[in-house]
Amino acid sequence: MSEQIYDLIVIGAGPGGYVAAIRAAQLGFSVVVIEKRSALGGVCLNEGCIPSKALLESSEHFARLDHELADHGIEVTGAKLNLEQLMSRKTGIIDKLTSGIAGLFKKNKITSITGQAELLENAGSNKKVKVTSSKGSQELFGKVILLATGSEAIELPHLLFNGKSVISAREALSLKEVPKRLLVVGGGVIGLELGSVWSRLGAEVTVVEMLPQILPQADSQVAQTLQRSLKKQGLDILLKTRLDKIETTDVGILATLTTAKGEQQLECDKVLVATGRRAQTTGLGLEAVGLQTNKQGQLDVDENYQTAVSGIYAIGDLIPGPMLAHKASEEGVVFAERLAGQKSALNYQVIPAVTYTWPEVATVGKNEAELKEENIPYKGGKFFFAASGRALCTGMSDGFVKILADPDTGRIHGIHIVGPQASELIAEATTVMSFSGSVHDLAVTCHAHPTLAEALKEAALAVNKEAIHA
């Protein structure tokens, strides 16, 4: 066979695929990456994590001009929104990061091919992939294949995406003008983050959630605190509410909702459907190699991330577990290192999750509901940012830190934060838990003063009723 035979073919250049490719190349494997987009980085970089955080940051600055700076003695008049520039800044960040990945591929001698990948029957002992693009098609051969194609937004049967009136997160990140009235279906991370962006920029935002709390997987007290704060910011949140249908009218869209109190109608200009994501397997040709998805539409894998078919592996959103970019990246590293014979592992019990609203929400480990369900004994400690000197100085003191620990050993079961810079504070919590740390370990660690991180120390002290400032 005259064609080059790669050690590894990676399908998908998102945070799982590109990280796996780089680590494998560092370990001496010859690697080719196939990505259907013209830019590297996957959903996360191009239409998810990065653009949403760029818009959240910009919109927060704009909102602070109107609502917070006066308290600092700073009076601002005549501030105007330049949405085109706001979007241009977002695009610039994406371009910088995608070109950065391309540079890393070049540095690590990774071949990158743009096109749709399709699995084919084996060519002898080697794996075979067909790549189709606007320039035609070609076949690639490799010893091992890694599937890392990520996920896509779930489309509801009665709310089909049309890119205009009914949109997904992709379109919500690139609107040309601020909608007057935005209806968000889904009170999870994506719905709350994008709802916050457009609310700050001037839209009337209503969020409908079928379940009895926003962020259904979060600690209930954390979710309640965030909901109160979002309502103060102007978001209307309707729990235990279902969107049954929409009709186009002369003035926009008429949505029919079913609430605990009965039927309700709501007028809006756009409907953002953010009810979750599903594994992206369309067009991969799984059946050609004998692969089948499970009931959740994902691929089951073993401890090495190998699927039911020898030599074909999968990571990230394609396999069970939280659909998080950093989870996919860590799996990519572990996959590559195990492929090289190393005994790498990922501790799935300490993968942090973050919601970048204001206040932010960050969590790692188990919450109280999970501990009760599993009959795990615990005791908790809590510290409110309202008692933090640093938080008061910044003018952002909503929220708290909650730590749940074993009543005998003090070993930490979970840490839950709602408040300023929760996305950064959770790193310390994750580190302590990764080393099976206890509340004593955290409590005796000297923290600089005044800092937001002191809230973690105080919450740890509070578990045993030793907090100084509570």
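A few points about this structure:
- Cβ pairs under 6 Å, 6+ apart, first in region 427-452 and in contact (Cβ under 8 Å) with a residue 24 or more places away in the chain and under 18 Å from Phe400 (Cβ atoms), second polar (S, T, N, Q) and crowded, with 16+ Cβ neighbours inside 10 Å: Leu452/Gln421
- Any pair with Cβ under 7 angstrom, 6 or more apart, that starts in region 194-208 at a residue that is closer than 16 Å to His67 by Cα and ends at one that is of a type in the set (Lys, Arg): Ala203/Lys180; Ala203/Arg181
- Count of region 38-47 residues, restricted to those that are part of a loop (DSSP other than H, G, I, E, B), buried (at least 23 other Cβ atoms within 10 Å of the Cβ) and at negative phi, is 1.
- Candidate set: region 157-206, residues that are under 19 Å from the mean Cα position of the chain (by Cα) and assigned to a strand (DSSP E or B); chosen: the one nearest to Glu57 (Cα to Cα): Val184
- Condition broken by Leu97, with the remaining ones in (1) under 20 Å from Glu171 (Cβ atoms); (2) in a helix (DSSP H, G or I); (3) among the aliphatic types (A, V, I, L, M); (4) without any contact (Cβ under 8 Å) to a residue 60 or more places away in the chain satisfied: (1)
- Flag for Ala362 being within 24 Å of Ala467 (Cα to Cα), part of a strand (DSSP E or B), in contact with a Ser or Thr (Cβ under 9 Å, 6 or more places away or on another chain) and not assigned by TED's automatic domain parsing to the domain that holds Ile50: yes
- Cβ-Cβ under 6 Å pairs, at least 6 apart or on other chains, region 226-249 side over 23 Å from Ala422 (Cα atoms), far side of a type in the set (A, V, I, L, M) and surrounded by fewer than 17 Cβ atoms within 10 Å (Cβ to Cβ): Lys240/Ala260; Arg242/Met210; Glu247/Leu254
- Options Gly332, Gly276, Gly290; residue that is over 27 Å from Pro216 (Cα atoms) and touching a residue at least 24 places away in the same chain (Cβ under 8 Å): Gly332
- As for region 264-286, it holds no residue that is surrounded by fewer than 17 Cβ atoms within 10 Å (Cβ to Cβ), closer than 30 Å to Val309 by Cβ and of a type in the set (Asp, Glu).
- Residue identified as among the β-branched types (Val, Ile, Thr) and surrounded by fewer than 22 Cβ atoms within 10 Å (Cβ to Cβ) among Ile11, Ile74: Ile74
- Complete set of residues in region 131-156 that are among the polar types (S, T, N, Q), in contact (Cβ under 8 Å) with a residue 24 or more places away in the chain and in a loop (DSSP other than H, G, I, E, B): Thr149
- Failed condition for Val309, given (1) outside the structural domain of His416 (by TED's automatic domain parsing); (2) touching a strand residue (DSSP E or B) at 6+ places or on another chain (Cβ under 6 Å): (2)
- Single residue of Ser137, Ser133, Ser125 found to be touching a Lys or Arg at 6+ places or on another chain (Cβ under 7 Å), surrounded by fewer than 15 Cβ atoms within 10 Å (Cβ to Cβ), farther than 28 Å from His326 by Cβ and among the hydroxyl-bearing types (Ser, Thr, Tyr): Ser137
- Scanning region 347-377 for residues that are hydroxyl-bearing (Ser, Thr, Tyr) and surrounded by fewer than 19 Cβ atoms within 10 Å (Cβ to Cβ) yields a single hit, Tyr348.
- Out of Ala462, Ala429, one residue alone is assigned to a helix (DSSP H, G or I) and farther than 24 Å from Pro216 by Cβ. It is Ala462.
The values are calculated or read from the model by the stated rules, or taken from the named source; none is laboratory data. On a predicted model such as this, the values are computed, not experimentally measured, just so you know. Backbone-built Cβ (ideal geometry, glycine too); neighbour counts: all protein chains shown.
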